[in-house]
1. Taking the criterion of being in contact with a Leu (Cβ under 7 Å, 6 or more places away or on another chain), on the phi > 0 side of the Ramachandran plot and in contact (Cβ under 8 Å) with a residue 12 or more places away in the chain, would at least one residue in the stretch 269-291 satisfy it?
2. For Ile261, work out the one condition from (1) at pLDDT below 95; (2) of a type outside the set (S, T, N, Q); (3) outside any strand (DSSP E or B) it doesn't fulfil.
3. Restricting attention to the stretch 247-281, report how many residues are open to solvent by less than 60 Å² (accessible area, probe 1.4 Å) and among the basic types (Lys, Arg).
4. What single numbered condition from (1) outside any loop (DSSP other than H, G, I, E, B); (2) within 22 Å of Gly94 (Cβ to Cβ) fails to hold for Gly210?
5. For residues that are in contact with a Gly (Cβ under 7 Å, 6 or more places away or on another chain) and either open to solvent by 30 Å² or more (accessible area, probe 1.4 Å) or of a type in the set (Lys, Arg) (or both), scanning just the stretch 216-246, find the one that is nearest to Ser280 (Cα to Cα).
6. Residue by residue through the stretch 282-299, note down the ones that are surrounded by 13 or more Cβ atoms within 10 Å (Cβ to Cβ) and of a type in the set (A, V, I, L, M).
7. Filtering the stretch 179-198 down to residues that are of a type in the set (S, T, N, Q) and under 25 Å from Ile154 (Cβ atoms), which residue is surrounded by the most Cβ atoms within 10 Å (Cβ to Cβ)?
8. Scan the stretch 150-167 and tell me whether some residue there is modelled with pLDDT under 95 and over 21 Å from the mean Cα position of the chain (by Cα).
Amino acid sequence: MPGRCIDPYEGPAASEWLISTLELGMTFQPHPWVTLEASGLYEDNGQTPLELDVAQLKIGPPAGPWFLAGGQFYLPFGRYESNMVSDPLTLDLGENREIGAALGFEYASLFGAAYSYQGERLGQQGGGLDEWGAEVGYAGKPNGYPLTLAVGYISDIGDSDSLYPLVEDNDRIGGLALSALFEAGPWTLIGEYVAATQTFDDSAGEALAGQSPAAWMLEAAYQFDLFTKEAQIALGYQGSREALALELPEVRGLATFNLGIYRYTTLQLEWALDQDYGESAGGTGNSGNGFTAQIAVAF
């Protein structure tokens, strides 16, 4: 349950207490080769009521080199790893939950997936899986240090959860996602870049015409013991380009402190400083900041 104090670009400061996210998941395995996953999600004090978030059937040999999945799931476009309380700007731009099917593999330190999904924006009325994407990556331990690298492509980034409500009509605009995560002892370094590969034309509507939205993030975290408790400090630097229509800041700086106070329970304190786009780009040119305190329970 987080409490937030927000000083926006314009207007008076405000504060709120809310149940940000409650997610309940279930996993069934009727056969060693068959796994069914389902989860429900409640967000923002009922502004997003309880809904079926993921319902996925996965088929493949246990710990095997391949799998086949189908149902409603988050497409493997972007990794969106973070130690912060708030979601990274890359997730705000690129996250996409759809009905689709995926064929994936894991071989040695390599992994990947190719998927097809039912596009909401330009999809066929018959409900065919007419859009596609792919991800390939590396997850290994060179010299004993965990390293994950991934690159993904999607045929229409306009289907993302944030862009879909804004795009009025347009040809398909591809999306690119680049991700990296490196661990060295108590240190964790994360980087990610998500962008449209082309510019939306005038048919996309006034909000996005002539825009090629992109977002990026860099993050460093250090883990240590504090009075026998696991603690972590994380610093983040994020930004966006031509994403004013999504109400994303042009630049965001973050500092987060995480403390494991009980089993499965973490106290999180986060301070964020946002810089809006300049007036010439349609923004205010002002800065705003916010502080969030959260108790997170996960098991």
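1. Yes, some residue in the stretch 269-291 is in contact with a Leu (Cβ under 7 Å, 6 or more places away or on another chain), on the phi > 0 side of the Ramachandran plot and in contact (Cβ under 8 Å) with a residue 12 or more places away in the chain.
2. (3)
3. 1
4. Failing condition for Gly210: (1).
5. Filtering the stretch 216-246 for residues that are in contact with a Gly (Cβ under 7 Å, 6 or more places away or on another chain) and either open to solvent by 30 Å² or more (accessible area, probe 1.4 Å) or of a type in the set (Lys, Arg) (or both), the one nearest to Ser280 (Cα to Cα) comes out as Leu244.
6. Applying the first criterion (surrounded by 13 or more Cβ atoms within 10 Å (Cβ to Cβ)) to the stretch 282-299 yields 283-296.
Correct list: Ala293, Ile295, Ala296.
7. Quick first cut of the stretch 179-198, residues of a type in the set (S, T, N, Q) only: 179, 188, 197-198.
Now narrow it down to the ones that are under 25 Å from Ile154 (Cβ atoms): 179, 197-198.
Values: Ser179: 22, Thr197: 13, Gln198: 14.
Here the answer is Ser179.
8. no
The values are calculated or read from the model by the stated rules, or taken from the named source; none is laboratory data. Since we're looking at a predicted model, the values are computed, not measured. Cβ sites come from the backbone with ideal geometry, for glycine too, and all protein chains shown count toward neighbours. Surface accessibility is based on the protein's heavy atoms, side chains included, excluding ligands, DNA and RNA. Shrake-Rupley method; radii C 1.70, N 1.55, O 1.52, S 1.80 Å.
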